[in-house]
Structures are given as C-alpha cells and as structure tokens.
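Engineer: Supplied in structure tokens, the structure appears directly below.
The values are calculated or read from the model by the stated rules, or taken from the named source; none is laboratory data. These figures come from a predicted structure and were not determined experimentally. Don't worry about glycine lacking a Cβ; one is built from the backbone with ideal geometry, like all the others, and counts go over all protein chains shown.
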Amino acid sequence: MTCRKMWWTFGPIMPEESVTFVNMKINRSNILLLLLIIGEIIAILLFGMMVVRQKRENSQLRQEAREMENEIREFQNELQSEKPEAEDVMETNAKDQISPETQNSESEQAVEGLQEGKSVKSPEEELLNRMTAEEKTAQLFYITPDALCGVSGATRAGDILKQSYEQYPVGGLIFFGNNIVSEGQIREMTSGLRETGINRIGVSPFLGIDEEGGTVTRIAGKEGFPVEDVGDMYLIGETGDAGKAREAGSTLGAYLSDYGFDMDFAPDADVLVNPGNTVVSRRSFGADPLVVSEMVAEEIRGLQAQGVWGVLKHFPGHGATEEDSHEGFAYSDRTLEELRQCEFLPFRAGIEAGARAVMVGHISLPQITGDGTPAVLSEAVMNQMLRQELGFQGIIITDALNMGAITENYTTEDAAVQAILAGADMLLMPADFQKAYQAVLNAVNDGRITRERLDESVLRILKVKCSEDL
C-alpha cells in the first residue's frame, strides 16, 4: 500500500515538495560542516602567519639590540679615552689651589692611616689621641683621695678635690675607712668623682677599694653599713665548694656597686705554700693550688657579674714568703718550674675567668732574677712571666709603693720610673704622689720612657674603662 492510498486513514501525507525540502535540510548540514572545516583551516593559516610575523619582529628587535649594544660600547670607549685627560686637568687645578704645606700634611695623614690599617678608631683610641702627655701620665696613678687633694680623710667630692683632679686627672682613686662615713656620703662622693672625671677627660677614674672580706674590709662591719661580711677566704676554701666563692664575690660586688665602686682589690690568689705565712694565711683560699684556682675564678665571676672589676693579687705569689712586704723585702725561693706547677695556676684561672687587672707584689725571686729586685720593678716578672707566659693583656697594677719594701730601698721618683719601665701600667699609692708624677713626666719628656711605652699603658687602662664586658 502506497502513501497516497493511506492518506485518508492517517491524514494527508507530505507532498513531493516537502520531500525535496527535507533533502535540502540535509544538504545544508553538510554545507555547515564544510564551512566549519574551512573556517578552522583559515584560522590555522592566520595563526601560522602571525607566528611567522612575530618571529620576524623578534629577529628585528634582536638585531636592533645588538646595534644598540655596539653603540654603547663605542661610547664607553670614548669616555675611557677622555677620562685620564679630565683627571689630569682636575688634579692640576686642585694642586694650584692647595698649598705645599697642606699637601704634605694630607700626605702624612694618609700614610698614618695606611700604617694603622684602619680608618675608624676605637673609643679608647679616640680618648688617647685627645690626651696631653700630662694627662696620660696622670692616668698611670692610682692614689687615695687624700693624696690627690692634700687633705687627710677626704670625704667629699668638694671644690678642693675637684680642682685637684682638674690638675691631675689620675687613673684611679682607692678608698679607705677614713674616706667612708655613711651610705649617703659615699654614694655622693663616688658619684661626684665619676662626673668630674667624665667632664674632665671623657672617662671616669677607677673607683676602687680593698674589700676582701673578713680580715681585710673597709665597709663590712662598719657602723651604719648594713651589709654582710663574707668572712675570710680560707673558711670558704675549707668547704671545697667553689659556688660559695662565687656567692662571696657576688655579695661583695653587689654592695660595692651600690656604693659607686667599680673595682675591688680582691680576690687573693695566693697559694699558702708556707703555713707560717701570717700575711695571707686567712686571706688565701688554702694550700691546694687546684682548689685555690677554682675558688679564685668563681669569685672573679661573682664580682664582675655585679659590675665590679676584680684584681688578682699578689703576683707571682705571696704564699711562700716569710717576711711581710709592708715592712721590707719579702723573699720567695721558688724556682720558675715550681711557680708554674703551683702559684701560677690561680692567676691563670682568674685571667681565663675574665680578670682585667693583676696586682704585682713586692716579692723578690732570687732563684729567677738572680738578685733581690722586687717583682714590681722586675721586667722578668711582669713582661716575661705575666705577659708572655700567662698571656695577660690587661692592666698590671703595682702593690702600694708606700710600703716598706719600696720606701726602705728606693726613692719615690726612682721606684715610679723603674716600675713603668719594667712593665707596670698603674702605680698604686706612691709615698709622695706629686714627686712620683713629676718624675714619670720628666722621664717621658726626656725619652727614658718613650711615648710608645706611655701610650701602651694608657691604652690598656682606657680599654678597660671603655669596656662593656661588665
């Protein structure tokens, strides 16, 4: 049955034109697909053309860059060829405007700078360079306030003391019981002296005291001073507990710092080799060099943790002597090897713990020096033993030069000059300060003490004063 016969059954069928129309729709789909393919081909061709064009442009840019680099090189070469001529012209003009004297001065300064090997000086070097020979000489002295101003029992940083310091800006002031009256008085005095020193030369004098504890104290046990007396060191040594030595140092440092002191002539680093020695018997930590070494190191740490420099004493060791150096020569028959195995050990330990000052005693070592020359006047003791063998680079301070071992055998002037020549940095309490000062200054001016030797000691002193180690 054909479609025409069934149209009345199913409704009219599509005419022949409609069939053609359907065929046309199918043909259009094919055309659209073909157009899409053609479009993609065109897009690919266009993209390829863009890539080729971009490559050509990049090649052109690289060529232009190379040409520009060549032009820059040519320009730099021209500048280099013209630079020497310009410098010659500038140098000629400058020399025409600067006098020969100025040129020589600048040349000398340049040479000095090269010799020093650095352009920036340390604070202590800056201070040193500003000081006169007189001021440098004064820095070598560590004296009492009484000796500075000529007033017995000075207790105030008043006009007389300040004026005396203006004339003699000494490196250190050591206080004794007669200078200490009350807590308020000593704080005011130390504060005033510190301010005076800073205003005068830019740095304070050391403000020191001999406060060991027990047998030797200036403050502990004094009425009006509620501080603990740490007692004799031999008692601490007997405990074998080095922590107690550190506690003692910390206690001492705490109240001394509170009263304005920054240096304590302690600890006693002597090993009690001679049990009959009455000078250091109770002041020493004992007869075992290893125990003494440990105790000394810990006391130094305790003191300096509180802002107070400790001073090791009495190098090369007072423990083997029988005599009292306050009265005359004190002799030690120890050999160098014996000293190395015993007396040197506590000093070495203290130095390694951070001690920046060592007191040298009035001890004669005939087995080493061949005569009775006291250690404070011996180059062999101070330079060869303390500096070279123990490697100490800090301040060497003499024991008090008003003690019998010195005054009975040397003039004030000779002792002061000889001590500096032998290697001491600071002279403690000469019998006559003004005579000793003038003798050292004269020796500097006439060349017996060279300017280099003077600067060497003053620089050590200033280095500790400017240090931030505390």
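Engineer: Of all residues in the range 335-348, how many are under 18 Å from residue 359 (Cβ atoms) and either basic (Lys, Arg) or free of Cβ contacts under 8 Å to residues at least 60 places away in the same chain (or both)?
Structural biologist: Residues flagged as under 18 Å from residue 359 (Cβ atoms) and either basic (Lys, Arg) or free of Cβ contacts under 8 Å to residues at least 60 places away in the same chain (or both) within the range 335-348 amount to 3.
Engineer: If you don't mind, another one. Across the range 139-149, what is the total count of residues that are over 31 Å from the mean Cα position of the chain (by Cα) and within 16 Å of residue 402 (Cα to Cα)?
Structural biologist: Looking only at that region, the number is 2.
Engineer: Next up: Could you say which residue among 383, 442 is over 26 Å from residue 146 (Cα atoms) and part of a helix (DSSP H, G or I)?
Structural biologist: Of the residues listed, the single one that is over 26 Å from residue 146 (Cα atoms) and part of a helix (DSSP H, G or I) is 383.
Engineer: Do we find that residue 355 is part of a loop (DSSP other than H, G, I, E, B), within 23 Å of residue 140 (Cβ to Cβ) and of a type in the set (A, V, I, L, M) in this structure?
Structural biologist: Considered against the rule, which asks whether it is part of a loop (DSSP other than H, G, I, E, B), within 23 Å of residue 140 (Cβ to Cβ) and of a type in the set (A, V, I, L, M), residue 355 comes out as yes.
Engineer: Could I ask something else about it? Mind listing whichever residues of the range 358-380 are at pLDDT below 95 and assigned to a loop (DSSP other than H, G, I, E, B)?
Structural biologist: Scanning the range 358-380 gives 370, 371, 372.
Engineer: Restricting to the range 374-391, name every residue that is surrounded by fewer than 20 Cβ atoms within 10 Å (Cβ to Cβ) and either under 19 Å from residue 263 (Cβ atoms) or more than 25 Å from the chain's Cα centre (by Cα) (or both).
Structural biologist: Residues satisfying the conditions are 379, 380.
Engineer: Within the range 445-470, take every residue that is β-branched (Val, Ile, Thr) and either in contact with a Cys (Cβ under 9 Å, 6 or more places away or on another chain) or part of a helix (DSSP H, G or I) (or both) and give me the one that is farthest from residue 310 (Cα to Cα).
Structural biologist: In this case the residue turns out to be 458.
Engineer: Could you please find all residues in the range 147-189 being surrounded by fewer than 16 Cβ atoms within 10 Å (Cβ to Cβ), outside any loop (DSSP other than H, G, I, E, B) and touching a residue at least 40 places away in the same chain (Cβ under 8 Å)?
Structural biologist: Correct list: 177, 187.
Engineer: Name the pairs: first residue in the range 404-416 and assigned to a loop (DSSP other than H, G, I, E, B), second residue of a type outside the set (Lys, Arg), Cβ to Cβ under 6 Å, at least 6 apart or on different chains?
Structural biologist: These pairs meet every condition: 408/328.
Engineer: Looking only at the range 331-351, which residues are outside any loop (DSSP other than H, G, I, E, B), within 19 Å of residue 285 (Cα to Cα) and touching a helix residue (DSSP H, G or I) at 6+ places or on another chain (Cβ under 7 Å)?
Structural biologist: Selection gives 345, 346, 349, 350.
Engineer: Out of everything in the range 191-215 that is surrounded by 22 or more Cβ atoms within 10 Å (Cβ to Cβ) and over 23 Å from the mean Cα position of the chain (by Cα), what residue ends up being farthest from residue 302 (Cα to Cα)?
Structural biologist: Within the range 191-215, the match that is farthest from residue 302 (Cα to Cα) is 193.
Engineer: Among the residues of the range 347-357, is any within 18 Å of residue 320 (Cβ to Cβ), modelled with pLDDT of 95 or more and of a type outside the set (D, E, K, R)?
Structural biologist: Yes.
Engineer: Which residue out of 285, 261 is surrounded by 24 or more Cβ atoms within 10 Å (Cβ to Cβ) and closer than 19 Å to residue 343 by Cβ?
Structural biologist: 285
Engineer: Let me ask you something else. Only one of 327, 294 is under 13 Å from residue 245 (Cβ atoms), charged (D, E, K, R) and touching a residue at least 24 places away in the same chain (Cβ under 8 Å). Can you tell me which?
Structural biologist: 294
Engineer: Picking from 449, 397, which residue would you name as being surrounded by 17 or more Cβ atoms within 10 Å (Cβ to Cβ) and either acidic (Asp, Glu) or under 21 Å from residue 316 (Cα atoms) (or both)?
Structural biologist: Criteria check complete, one pass: 397.
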